[in-house]
Amino acid sequence: MRKRPLNAKETKSKQFDVVTSIATEEGQPRVVLHEPKKKVDLDKFVQNHKFNFDRTFGEECDNDELYGATVLPLLRKMAKQARGRRLTDPIGKHTHTHNHVGCGGCRGAAG
């Protein structure tokens, strides 16, 4: 789960950031959703909803860090396998199966 920062327009209009990415005391990645509400007497309050994830990325995370932690391990695992199969469906009526080895020019893939 990746949390995006407020953009300039949201910050300028002083909008409330409704998502926080944190870690619990045990180190479990958690996202807290802050839901603005009103009571019957119109008092405002915020109800917090907590969700645990396998991995979270805060707003300071850049694309390289996200890629390296999520996509790259999958590409390396695929590249280590001797062969893979891929079904493709060209414009015609027939489906073809193609064999391919490794990942070729995949960025950072183990060959």
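For the reader, a short list of remarks on this structure follows.
- Scanning segment 50-65 for residues that are closer than 17 Å to A23 by Cβ and not in a loop (DSSP other than H, G, I, E, B) gives K50, F51, N52, F57, E65.
- Counted residues, segment 1-58 - those being over 30 Å from P73 (Cα atoms) and of a type in the set (A, V, I, L, M, F, W, C): 7
- Filter result for G104 (at positive phi and either outside any helix (DSSP H, G or I) or modelled with pLDDT under 85 (or both)): yes
- Any chance D62 is loosely packed, with under 10 Cβ neighbours inside 10 Å, over 26 Å from P5 (Cβ atoms) and acidic (D, E): no
- In segment 17-44, the residues that are in a loop (DSSP other than H, G, I, E, B) reach residues that are surrounded by fewer than 10 Cβ atoms within 10 Å (Cβ to Cβ) with C-beta atoms within less than 8 angstrom, at least six apart or across chains, in these pairs: K39/F45.
The values are calculated or read from the model by the stated rules, or taken from the named source; none is laboratory data. Given the structure is predicted, the values throughout are model-derived calculations rather than measurements. Neighbour counts run over all protein chains shown; Cβ positions are idealised from the backbone, glycine included.
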